[in-house]
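Presented below is the structure to which this report refers.
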Amino acid sequence: MTAPIQGRRPFAVWLIVLLLLAYGLLGPLLLVAGSGSIATITEVRRTGGAEPQWFHRYWWVVAYEFRAADGTQHGGHTRTLAYDTGPRGYAKVEPVLYLAAAPWLNVLRKEAGVHAGTVAVLGAALLILWLTRARQPQRGAAVPAAGKRTAGGRRSRASATSGAATAMTVEQSRRWLLGYRRHSRLYAWLFFAAVIPVVVLVIWLEVGELDEEVLGSVAFFIVVFLALALGSRRQTSAAWRAVVVDKQRTERGAGGTLVLQLERGERRTLRVSPPLFDYFAPGDAVFKLDGFEWPEKWSPDEGRRVCIACGGVVELAEPMSACPRCGAPLPAHEAMQALAPRA
């Protein structure tokens, strides 16, 4: 049985994006595919203190109940800003839309369309995708002249003789590799710490108060998200040496899957892009460093290198100091070999 290795975007990023998309598109989706019913307003209550930035208005929770087509009763709620006299525009009964397969997904008919909140949520999802995108090669990337010495000493001789020359020295490469490893761990936990307050804020805005039920939901999210973060971090921090024993192309030219035989006999699969799929071949000895997502060949390829930070394949016509795809330095090959696990 083979164990999959994580793709380019961490699973936690896709999870957050999917949740934002589902939250933002719920109302428009119900307008198209939702079932209708009549809801009875059961409670209108104020939560929290006044919001000075909203001219001393208050958050109000409007709760309602309705019966689905099968006769079962369900509930829902919405939130709105209003003065201390209470929200206006809500009658004793209001039309409601719900998803027939999951009636707990519902919204008042008057709030089912596209509004400013929908645009903001979808914009946040697109921003996350844009920030985690695979950057295209940049024009005019700095390419030092062949044979030029860097400030730190000679460039990699082994890489130069194989045609895969880099402009970084072995010592510069080693310092950068170790620093990137430390920073990747720090950024991963900072991302985890930043997501939790956002989740608490969203839940508070949706429910209106932080009671025991809400705090329990937040605790459950923290446990699940922590498990996902630890699983993602475990894959990123894994360091191994392996041999490519097979590769399988996926449909529609979307790259493929490499089958790796690790030294201890374990087999793993690695989903890769089309350039990486063409770069690796069965029989190649490869290694992966702690803190990086992508492996590299043990023996340098003629005129090509893998950027182990972003997974791009870099054509090295001349010695280069950085990946033109993501801007990460291209370390000397022997520096990476020195940090790789021992055979």
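The values are calculated or read from the model by the stated rules, or taken from the named source; none is laboratory data. Treat the numbers as computed from the prediction; the structure is a model and nothing was measured. Here the Cβ positions follow ideal geometry from the backbone for every residue, glycine too, while neighbour counts run over all protein chains shown. Heads up: the accessible areas ignore ligands, DNA and RNA and are worked out on the full protein's heavy atoms, side chains in. Shrake-Rupley method; radii C 1.70, N 1.55, O 1.52, S 1.80 Å.
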| query | Do the conditions hold for T132, that is, is it open to solvent by less than 80 Å² (accessible area, probe 1.4 Å), modelled with pLDDT of 60 or more and within 21 Å of D301 (Cα to Cα)? | reply | no
| query | List the pairs whose first member sits in the range 269-288 and is closer than 13 Å to S299 by Cβ and touching a residue at least 12 places away in the same chain (Cβ under 8 Å), whose second member is small (G, A, S) and open to solvent by less than 30 Å² (accessible area, probe 1.4 Å), and whose Cβ atoms are under 9 Å apart, counting only residues at least 6 apart or on separate chains? | reply | A285/A242; V286/A242; F287/A242; F287/A340
| remark: The number of residues in the range 90-117 that are of a type outside the set (A, V, I, L, M) and at pLDDT below 80 is 2
| field | Scope the range 290-308; condition out of contact with any Ser or Thr (no Cβ under 9 Å at 6 or more places or on another chain), closer than 20 Å to R325 by Cα and touching a residue at least 24 places away in the same chain (Cβ under 8 Å); matching residues | value | P295, E296, R304, V306, I308
| query | Looking at (1) closer than 15 Å to A39 by Cα; (2) of a type in the set (S, T, Y); (3) under 32 Å from the mean Cα position of the chain (by Cα), which is the one condition that is false for Y90? | reply | (3)
